[in-house]
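The values are calculated or read from the model by the stated rules, or taken from the named source; none is laboratory data. The shown structure was predicted, so the numbers you read here are calculated from the model rather than taken from an experiment. Don't worry about glycine lacking a Cβ; one is built from the backbone with ideal geometry, like all the others, and counts go over all protein chains shown.
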Amino acid sequence: MAGHCGIRLFLSRIAGMVHWLGRQTLGLVSGFGDFAIFSARSFASVFKPKRLGRRVIRAIYEQGTVCLPVILIVGIFTGLVLGLQGYHVLKRFGSESLLGSLVSLSLIREMAPVLASLMLVGQAGSALAAELGIQRNTEQIVALETMGVNSLGYLVAPRLLASLLVFPIQTALFVVVGLWGGALSGSLLLGVDSGVYWSSIEQAVEARDLRECFIKAASFGLLAITICAYQGYHADRSRSATGARAVSAATTRAVVLSSIIILIADYVVSSFFV
């Protein structure tokens, strides 16, 4: 009798685990499908709204001008650290003349698109998610749709278009500032000849490296802004919080998920160029 009870208890636990796993899987598939529909409608709405140019310019200002100080600060210190660490690593092998190659390829292939995108997500992406979350919480989005305005075309599409322009430009600025940071660290502070440093960069960097850099930047921008917009637009769907807490939760999810997706996309894109 005790054996039968133990078997029933074991089977009930297995059934509970299968039920939980199935519910989580269905939720994941449903969420991915909802995100795909949101993305498709947002991209399609790019061609629909009138007077899109003014909102695109505003989005460029939000993602570009406002975030420029962060990009410059992080870029210069990234270059400084690469120059410092790279010099001491290359010195072990007597290859200090290759410092420019190390700094430039590290920045262009990996660090500039990833770090610039993460900084833009932390500032512009979080602001977008919070703004849309507040608009959803105060029913401004509902009011737009009631008036017959395409809310995705009005609120999301300009940000997507701006990301295609801003993320590559900000990444390019990150690279330029980072190269000067490496020059400052390697040439000015550690004694590497500046001519050798810049000549090494010229010999190492190819058009293929720049193409990889800008493809990464544009794809990261689209993914990150779409995720942030989706989380803010649907902030009211949170089951664990309402009101201001729902907006806060949506903003946190937007930043975390965007950062994770950027790192995953970085590996996927890199695998095509290696």
- request: Please go through the range 40-56 and pick out each residue that is surrounded by 13 or more Cβ atoms within 10 Å (Cβ to Cβ) and among the hydrophobic types (A, V, I, L, M, F, W, C).
  value: Phe43, Ala44, Val46, Leu52, Val56
query: Considering the range 92-116 alone, what residues qualify as being over 24 Å from Ala254 (Cβ atoms), out of contact with any Leu (no Cβ under 9 Å at 6 or more places or on another chain) and not in a loop (DSSP other than H, G, I, E, B)?
result: Ser101, Leu105, Arg109
task: Please give the number of the condition Gln140 fails out of (1) closer than 20 Å to Cys213 by Cβ; (2) free of Cβ contacts under 8 Å to residues at least 40 places away in the same chain.
output: (1)
message: Could you check the range 20-29 and list, in sequence order, the residues that are modelled with pLDDT of 70 or more and either loosely packed, with under 10 Cβ neighbours inside 10 Å or not hydrophobic (A, V, I, L, M, F, W, C) (or both)?
response: Gly22, Arg23, Thr25
- prompt: Does Gln170 qualify as being under 12 Å from Pro113 (Cβ atoms), of a type in the set (S, T, N, Q) and in contact (Cβ under 8 Å) with a residue 24 or more places away in the chain?
  reply: yes
- prompt: Within the range 100-114, can you find the residues that are touching a Ser or Thr at 6+ places or on another chain (Cβ under 9 Å), surrounded by fewer than 19 Cβ atoms within 10 Å (Cβ to Cβ) and of a type in the set (A, V, I, L, M, F, W, C)?
  reply: none
